[in-house]
Amino acid sequence: MDVDEIQQIFFQECEEGLAGMEVNFATLRDGDQDPETINSVFRCVHSIKGGAGAFGYEALQAYTHQYETLLDLIRNGSLELTPDLLDVVIGAFDMLTDHVAAARDGSETPADEAMLEKLLSAAEGDASAAAVEETPAPAETAPAPEEQEEVSGDTAGSEASGDDYDDLMGMLDEGDADNDADNEAKAPSDVSAPEDAATSTDDSPPDWKLVYHPVANAFQNAAEPLLLVRELVALGAVVDECDRAALPSLDDMDAECAYFTYALTVPGDVAEEDIRAIYEFTVDCEVTLERASAGAPLKKAAPAESSEAPKPVSSPAAAAEPAAPEKDSVSPAPAAVPQAAATPAPPAAAPQAEKATPAPVKNVAPPAPAAPAAPAKPKPAASVVAQTIRVDLDKLDRLVNLVGELVITQSMLAQRMSRHQLEDNSEVNDLEHLTRELQESTMAIRAQPMKVVFSRVPRIVRELESETGKRVRLEMEGEMTEVDKTVVERLGEPLTHLIRNAVDHGLETPEERLAAGKAEEGIVRLTAAHQSGRIVITVTDDGRGINRARVREKAVEREIIMPDATLSDEEIDNLIFAPGFSTAGTVSNVSGRGVGMDVVRKNIQALGGRIGIQSRHGEGSSFSLSLPLTLAVLDGMIVTVGAETFVIPLNHIIESLRPTEDMLKRVGNDGILLDVRGAYVPVLPIADHLGIAKAERNPARGVLIVVDGDQGQAALLVDAIQDQRQVVVKSLEANYQAIEGVAGATILGDGQVALIVDVETLTANRRNGARATLAEAA
Amino acid sequence: MTLALDTVLDTTAAAPLRAALRKSVTDQQPLALDGSAVESVGQACLQVLAAAEAAAYSASLDFRILNPSAALTEMTRLVGLDTLLKA
């Protein structure tokens with residue numbers, strides 16, 4: 001793993017951290033000022049600062065330092081988190097997001113002088129001034145990092161580990177000498193430190209037990225385990241044991257192979273995140289972190305007599321080790337208690353003594369009256385660190401693709417077995433079951449929570465509030481609803497449009513709302529939920545609702561509809577999705593360019609989704625997006641058209657029927673309408689649209705599949721229905737080329753390729769064709 | 001004969017250090033190492049020193065690190081290997 005990859009991980013973690021902060025701010029805004037929420041925000045900023053320092057992003061580091069200083073004052077109770085101060089903190093968060101983006105993209109560093117000044121004022125207790133201050137402070141007043149250190153001089157809690165990455169990088173560059181002074185006070189040689197660290201009162205949480213095992217080839221990636229150990233010690237950890245059991249003899253060892261394993265005790269009051277932050281960028285190791293079991297005696301400083309290391313020859317611990325006594329008796333020196341003088345000898349005699357190591361190399365424990373009470377050596381068990389791993393997306397896509405192939409092959413096998421009347425074979429059924437489970441599990445790997453998209457929304461709303469002068473209360477629900485990564489990634493833009501639209505067009509100004517008898521603050525609600533195998537996202541506002549008279553007027557003005565057109569309310573509402581439609585009186589920075597809503601619909605359609613709208617004048621509007629959970633598989637109806645087989649996505653299908661002649665009405669030269677219980681829908685022979693020869697053209701002799709698209713309903717004429725099943729979608733663009741009217745392809749169980757019908761395009765073409773025909777007729 | 005330890009005892013220094021110490025053990029020479037110049041030390045070299053101490057012990061040879069620098073003292077102490085620095 002090279003530095004670039006590590007940096008990439010850093011930025012990924014920044015994004016995750018920032019998303020987490022956004023959630024915390026929502027909690028804080030709701031008035032829930034749980035100290036842990038503030039702590040969590042602080043830790044995130046602290047972590048970003050550390051990474052920024054390690055990778056040399058000085059502007060980001062300086063900014064986070066000042067931000068962290070303020071947060072620290074809040075979390076330690078020096079400053080009360082008033083609404084004004086919270087505004088400053090959230091404003092600073094937005095600037096932090098920009099800083100991170102600038103560092104990641106290599107773009108220009110945001111102008112943060114004014115914000116730094118605000119942070120400084122706020123840290124001095126003048127939050128209200130900071131909150132209202134708009135004039136950017138002169139650049140020269142922004143404190144240099146050195147000066148900022150003074151500002152935060154009393155924030156010892158944060159500084160204890162605040163320079164984690166500085167230390168690391170400094171050591172990598174210059175060796176240890178420069179940091180000696182800094183670490184002298186923290187090193188275990190300072191007997192008081194471990195005592196303080198390791199001694200827990202009854203009220204404090206149990207200490208952490210951490211086992212750090214650099215893997216054998218750790219050095220090959222330039223890892224230096226001692227740096228990590230030193231960082232942990234700087235947090236207050238004590239090295240209980242440097243286990244040399246795996247160290248071979250000088251003759252047999254590989255000098256560039258890691259053999260040591262470290263067992264450490266970290267004070268219980270150190271936050272887990274702070275500990276993990278130290279090794280989060282380290283990949284060549286196995287780390288176990290767990291709380292010392294409740295009731296088990298926590299590690300204490302060794303009693304004075306223990307530190308006067310008795311000679312191993314008389315040590316019960318040594319005697320307990322058959323391989324050792326002889327050597328111990330010959331020359332006790334090498335086996336002298338190594339930590340006794342330096343570190344408080346842990347009463348962990350038993351675990352150490354259990355190790356069958358050559359005597360001179362082992363850490364012989366002090367003898368021990370306390371041995372029976374000694375805690376067992378932490379076992380790698382409950383909280384193994386690597387609960388998540390990062391996987392290159394290409395690898396994942398290959399896996400998804402292979403599983404898709406497996407599903408197809410399994411289907412082909414099942415079909416072949418069926419031909420030989422072997423389909424009831426239990427192994428075949430098991431294989432089908434397992435394949436389906438494997439496929440679902442694989443798809444689940446690609447699933448991401450909607451939080452990824454939702455987390456950007458609060459900032460958008462804050463910016464909109466500032467641009468429009470409106471007051472907005474954002475409510476979000478279902479952030480953890482999971483959907484395929486591709487869907488998540490491509491939802492960002494349409495969702496932004498919808499939110500902007502809701503605030504800019506939907507909500508009234510505070511004055512208008514008060515006049516209308518509403519609360520001054522408008523509500524925008526964003527929800528996500530799974531419904532019938534799809535994800536449904538809604539953006540609702542409690543604003544003025546769609547002014548249908550105005551929409552209609554505008555549509556006529558733009559020649560989108562004929563002046564005498566008879567439209568239902570729903571149809572009028574849907575006019576806002578027409579290309580180029582805009583009702584905004586003026587083009588603003590926020591929206592009103594007339595490109596928003598049709599782009600939204602196109603983006604949603606491209607994802608296999610649909611968008612709907614419900615609006616009540618004076619009460620607000622609700623946009624609802626319905627999307628597939630994954631783009632890799634779909635449930636489809638397999639149909640025959642001529643000699644070809646097609647798949648019609650099931651989510652578009654309303655019903656299928658064999659029409660009688662009296663259900664069919666012929667219009668014009670070749671137009672046919674199907675009477676579905678009084679409603680007329682146009683009949684679309686798929687064969688005509690896709691150029692299939694020798695297919696059934698007479699609806700009365702074929703099967704009609706009534707489908708619903710954004711352009712309305714249509715009845716697709718096919719020869720026959722074969723089956724209904726889930727199919728694996730293969731991209732036509734990637735494997736051949738895009739074809740209008742075809743959304744993709746799949747391979748059926750018999751190995752035949754079937755095209756997936758693009759219902760939206762077919763129905764839209766039909767409508768356009770009808771419109772053209774009407775125009776020609778006129 | 002005293003062997004002077006390098007200024008930087010990083011991973012790349014471990015193999016040469018091991019070779020030098022092995023030679024001393026093979027030659028039945030006491031291991032007297034001068035640690036005064038050491039400015040930084042990593043785990044790889046500490047492992048070699050620990051293995052050399054054991055090898056010396058097995059061969060009944062003396063093993064000493066003389067005049068350990070502050071950096072060497074700190075790092076060995078940090079991980080509880082300061083027995084290597086015994087007088």
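The values are calculated or read from the model by the stated rules, or taken from the named source; none is laboratory data. Because the structure is a prediction, the values reported are computed rather than measured. Backbone-built Cβ (ideal geometry, glycine too); neighbour counts: all protein chains shown. Areas reflect the complete protein model, heavy atoms only, side chains present, ligands, DNA and RNA absent. Shrake-Rupley method; radii C 1.70, N 1.55, O 1.52, S 1.80 Å.
So, R0 is 51 Å and r is the distance between the beta-carbons of A:Ala519 and A:Glu36; what FRET efficiency does that work out to, to 0.05?
The value I calculate is 0.95.
Quick check for you: with a 1.4 Å probe and neighbouring chains kept, what is the accessible area per residue of chain B, in Å²?
37
Which order do A:Asp98, A:Asp105 take when ranked by solvent-accessible area (1.4 Å probe, heavy atoms of all protein chains), largest first? It would help to have the intermediate numbers written out before the result.
Numbers: A:Asp98 60, A:Asp105 100 Å².
From most accessible down to least: A:Asp105, A:Asp98.
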Discussion item. Just to check I understand the Karplus step: with θ = phi - 60° and J = 6.51 cos²θ - 1.76 cosθ + 1.60, what whole-Hz values come out for region A:223-228, glycine and proline as x?
Written reply: 6, 10, x, 4, 5, 5
Response to the item:
So, with points 7 Å from each Cα along the Cβ direction, the A:Ala271-A:Asn76 label distance in nm works out to 1.4
Discussion item. Per residue of region A:261-270, what does 6.51 cos²θ - 1.76 cosθ + 1.60 with θ = phi - 60° give for ³J(HN,Hα)? Whole Hz please, x for Gly and Pro, Karplus curve as stated.
Written reply: 10, 10, 10, 10, 10, 10, x, x, 7, 7
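For an R0 of 41 angstrom, estimate the FRET efficiency from the Cβ-Cβ distance between A:Asn401 and A:Lys694 and round to the nearest 0.05.
After rounding to 0.05, the efficiency reads 0.75.
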Fill in: Karplus-derived HN-Hα couplings along region A:46-63 (A = 6.51, B = -1.76, C = 1.60, θ = phi - 60°), whole Hz, x at Gly and Pro
4, 5, 5, 4, x, x, 4, x, 5, 9, x, 8, 5, 4, 5, 5, 5, 5
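So for region A:393-448, considering every pair of alpha-carbon atoms, how many percent are separated by more than 14 Å?
So the pairs more than 14 Å apart make up 57 percent of the total in region A:393-448.
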Worksheet item: Between their Cα atoms, which of A:Lys395/A:Lys602; A:Lys470/A:Lys518; A:Lys118/A:Lys518 are more than 23 Å away from each other?
Response: A:Lys395/A:Lys602; A:Lys118/A:Lys518
Discussion item. At 7 Å along Cα-to-Cβ for each site, give me the label-to-label distance between A:Glu16 and A:Gln531 in nm.
Written reply: 3.2
Worksheet item: Can you list the residues, at least 5 places off or on another chain, whose amide H is less than 5 Å from the amide H of A:Ser656, using H built in the peptide plane?
Response: A:Val706
Worksheet entry | Residues whose placed amide H lies under 5 Å from that of A:Gly636, excluding near-sequence neighbours | A:Leu650, A:Arg725, A:Gln726, A:Val727
Item to complete: In nm, give the distance between the simple-model label positions of B:Asp62 and A:Asp430, each being 7 Å from the Cα along the Cα-to-Cβ direction.
Response: 7.2
Worksheet entry | A/B buried area, accessible surface, summed, 1.4 Å probe, Å² | 3400
Practice prompt. Any chance you could run the full-extension gain for A:Asn735 through A:Ala111? It's 0.36 nm times the residue separation minus the Cα-Cα distance, nm to one decimal.
Written response: 220.0 nm
Item to complete: Give the calculated FRET efficiency between A:Glu570 and A:Arg473 to the nearest 0.05, with a Förster radius of 30 Å applied to their Cβ-Cβ distance.
Response: 0.60
Worksheet, complete the sentence: Under 5 Å from the placed amide H of A:Val742, counting only residues 5+ away or on other chains, we find A:Asp758
Worksheet item: What do you reckon, how do A:Lys395, A:Lys485 stack up by accessible area (1.4 Å probe), largest on top?
Response: A:Lys395, A:Lys485
Worksheet item: List for region B:1-27: residues with 50 Å² or greater reduction in accessible area, all protein chains versus chain alone, probe 1.4 Å?
Response: B:Thr11, B:Arg18, B:Arg22
Item to complete: Rank these residues by their accessible area, most exposed first, probe 1.4 Å: A:Glu13, A:Glu571.
Response: A:Glu571, A:Glu13
